[in-house]
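Right, one structure below, let's go through it.
The values are calculated or read from the model by the stated rules, or taken from the named source; none is laboratory data. Just so we're clear, the structure is a prediction, and the values are computed from it rather than from any experiment. Cβ atoms come from the backbone with ideal geometry, glycine included; neighbour counts cover every protein chain shown. Quick note on the areas: whole protein, heavy atoms, side chains included, nothing else; ligands and nucleic acids left out. Shrake-Rupley method; radii C 1.70, N 1.55, O 1.52, S 1.80 Å.
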Amino acid sequence: QVQLVESGGGLVQAGGSLRLSCASSSRTFSSYAVGWIRQAPGKEREFVAVINWSGGMTDYADIGKGRFTISRDNAKNTVYLQMNSLTPEDTAVYYCAADLSTTTWESRFNRLSSWGKGTLVTVSS
């Protein structure tokens, strides 16, 4: 496991943008696939996006395609989620997670190796 700390959440108007950050001080952070999972009030957790260890491969949930971009800077031990064209349905706690595998996060995000504590994103209408 690696320690993960999310930041960048807050209140934004519909149509606006936010950039979330997931940072780690762990030595092995650059070896992990890192992604984002969110949980809206009263709803189940859902997969948002993931990026492999090198940044060369990414995967997005349908809701994020065309609006969200995941990237990483291993020199800074940080993964980012740029969120554009936000809507109220994007309101959720966004969790950063890490795992040694990039694949099948949609079905196994509940058993990933490491989790942050989350950052709240609220999109007003």
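Residues in the stretch 31-44 that are open to solvent by 20 Å² or more (accessible area, probe 1.4 Å) and either touching a Lys or Arg at 6+ places or on another chain (Cβ under 9 Å) or acidic (Asp, Glu) (or both): 39, 44. When the stretch 65-79 is filtered for residues that are open to solvent by less than 40 Å² (accessible area, probe 1.4 Å) and in a strand (DSSP E or B), the ones remaining, listed by number, are 68, 70, 72, 78, 79. Among the residues of the stretch 114-125, those that are open to solvent by less than 40 Å² (accessible area, probe 1.4 Å) and either farther than 21 Å from residue 19 by Cβ or of a type in the set (Ser, Thr, Tyr) (or both) comprise 114, 119.
Filtered by the rule that a residue be more than 14 Å from residue 59 (Cα to Cα), free of Cβ contacts under 8 Å to residues at least 60 places away in the same chain and surrounded by fewer than 12 Cβ atoms within 10 Å (Cβ to Cβ), the stretch 90-113 gives a lone residue, 111. Taking the condition farther than 22 Å from residue 107 by Cβ and assigned to a strand (DSSP E or B), does residue 86 pass? When the stated conditions are applied, residue 86 does not pass them. Whether any residue in the stretch 13-30 is of a type in the set (S, T, N, Q), farther than 23 Å from residue 113 by Cα, in a strand (DSSP E or B) and open to solvent by 40 Å² or more (accessible area, probe 1.4 Å) is what I want to check. Yes: the stretch 13-30 contains one or more residues that are of a type in the set (S, T, N, Q), farther than 23 Å from residue 113 by Cα, in a strand (DSSP E or B) and open to solvent by 40 Å² or more (accessible area, probe 1.4 Å).
For the stretch 48-64, the candidate set comprises residues that are assigned to a strand (DSSP E or B) and in contact with a helix residue (DSSP H, G or I) (Cβ under 8 Å, 6 or more places away or on another chain); within that set, the residue that is surrounded by the fewest Cβ atoms within 10 Å (Cβ to Cβ) is 59.
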